[in-house]
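K.L.:
Dumping the structure here so I can ask a few things about it.
The values are calculated or read from the model by the stated rules, or taken from the named source; none is laboratory data. No experiment lies behind these values; they were computed from the predicted model shown. Here the Cβ positions follow ideal geometry from the backbone for every residue, glycine too, while neighbour counts run over all protein chains shown. SASA here: full protein model, heavy atoms, side chains in, ligands and nucleic acids out. Shrake-Rupley method; radii C 1.70, N 1.55, O 1.52, S 1.80 Å.
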Amino acid sequence: MDQMTPMPFSAADFRVRVAAQPQAHADDDYGDHRFNPGHPRMKLVKMLRNAAVLIPVVDHGGEATVLLTKRAEKLRNHSGQVAFPGGTIDPTDPSPEAAALRETFEEIGLDESRVETIGRMPDYVSGSGYRIAPVLGIMQPGFSLTLNSEEVDAAFEVPLRFLMDPANHSRDSRMWNDIEWFFYEMPYGGQRIWGVTAGIIRTLYERLYR
């Protein structure tokens with residue numbers, strides 16, 4: 001391999017792919033509906049709430065990882081699910097990037113100075129009624145986390161190579177009002193990555209690695 005070519009699945013390679021990703025257009029249409037065309041659940045979503053998540057890629061040299069969280073079991077909504085750090089965009093947030101970094105600090109105590117934001121993916125519409133802005137960031141190892149126990153039970157890293165391998169992307173479904181609802185899942189290390197989080201990961205793969 002040429003010395004100037006970044007190693008596959010490194011943070012340096014991820015940076016190059018983000019910079020070269022297809023230009024986002026206003027009519028880009030990403031979200032749960034792409035896996036469930038015509039599903040009546042999406043027709044019930046009227047007013048989308050704006051949210052932002054951080055996709056934190058950790059630079060471990062030749063092999064990067066992605067930092068994920070496990071939502072607290074005590075939460076009313078989506079309890080115990082694997083997620084990217086993030087949440088609702090507040091009126092005081094100047095940008096989706098600012099919202100993602102603020103929510104990340106509130107959830108896992110990661111200061112925004114430890115994250116270099118390098119871009120965004122097109123918004124992702126969830127069946128639960130959110131328009132999510134996925135913010136792409138790179139972090140150096142050696143950071144410390146302070147988990148907010150009211151929101152997060154755990155934080156863990158998954159190899160970027162694993163997440164960007166379509167062989168690890170399984171399709172599953174569950175019944176919603178007697179109608180099948182499809183989603184991706186990517187089990188790893190005893191954690192079940194599925195639903196919106198897996199959908200965003202699948203979209204990242206389709207835009208950057210396919």
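K.L.:
Ile118's amide H: which non-local residues (gap 5+, or another chain) put their own amide H closer than 5 Å, with H modeled 1.01 Å from N in plane and none for Pro or chain starts?
P.N.:
HN-HN under 5 Å from Ile118: Leu136, Gly137, Ile138.
K.L.:
Going by amide H atoms built from the backbone, whose H comes under 5 Å of the H on Met7, apart from near neighbours?
P.N.:
Asp13
K.L.:
Could you give each residue of segment 146-160 its phi-based ³J(HN,Hα) in whole Hz, using Karplus coefficients 6.51, -1.76, 1.60 with θ = phi - 60°, and x for Gly or Pro?
P.N.:
Coupling constants for segment 146-160: 10, 6, 7, 5, 6, 10, 10, 8, 7, 9, 8, 10, 10, x, 4 Hz.
K.L.:
A further question on this structure: Convert each backbone phi in segment 91-102 into a coupling constant with the Karplus relation 6.51 cos²θ - 1.76 cosθ + 1.60 (shift: θ = phi - 60°), then list the ³J(HN,Hα) values in order as whole Hz, x for Gly and Pro.
P.N.:
The phi angles translate into x, 7, 6, x, 6, x, 4, 5, 5, 4, 5, 4 Hz.
K.L.:
If you build the convex hull over the alpha carbons only and average its shadow over all orientations, what do you get for segment 74-149? Give it in nm² to one decimal.
P.N.:
That works out to 5.9 nm².
K.L.:
In debye, nearest 20, what is the charge dipole magnitude of segment 113-209 about its Cα centre with +1 on Lys and Arg Cβ and -1 on Asp and Glu Cβ, if you could check?
P.N.:
So the magnitude is around 280 debye.
K.L.:
At 1.4 Å probe size, with the rest of the protein present, what percent of the exposed accessible area of the chain is carbon and sulfur atoms?
P.N.:
Carbon-and-sulfur percentage of accessible area, whole number: 49.
K.L.:
Amide H neighbours of Val66 under 5 Å, counting only residues 5+ apart in sequence or on other chains, H built in-plane at 1.01 Å?
P.N.:
Correct list: Val58, Val158, Leu160.
K.L.:
For the chain, with only Lys/Arg (+1) and Asp/Glu (-1) charged at the beta-carbon, what is the dipole magnitude about the Cα centre, in debye rounded to 20?
P.N.:
That gives a dipole near 580 debye.
K.L.:
Find the accessible area per residue for segment 83-210; the probe is 1.4 Å, ligands and nucleic acids are left out, and the unit is Å².
P.N.:
With the other protein chains kept in place, segment 83-210 gives 45 Å² per residue.
K.L.:
Something else: Give me the one-decimal Kirkwood hydrodynamic radius in Å for segment 1-159, with the sum taken over alpha-carbon pairs.
P.N.:
So the Kirkwood estimate lands at 16.8 Å.
K.L.:
Calculated FRET efficiency, Trp176 and Thr5, Cβ-Cβ r, R0 41 Å, to nearest 0.05?
P.N.:
Efficiency at R0 = 41 Å is approximately 0.35.
K.L.:
Does segment 73-210 come out rounded, prolate or oblate by the C-alpha gyration tensor, with a ≥ b ≥ c the root eigenvalues, rounded set by a/c under 1.5 and, if not, prolate when a/b is larger than b/c and oblate if not?
P.N.:
rounded
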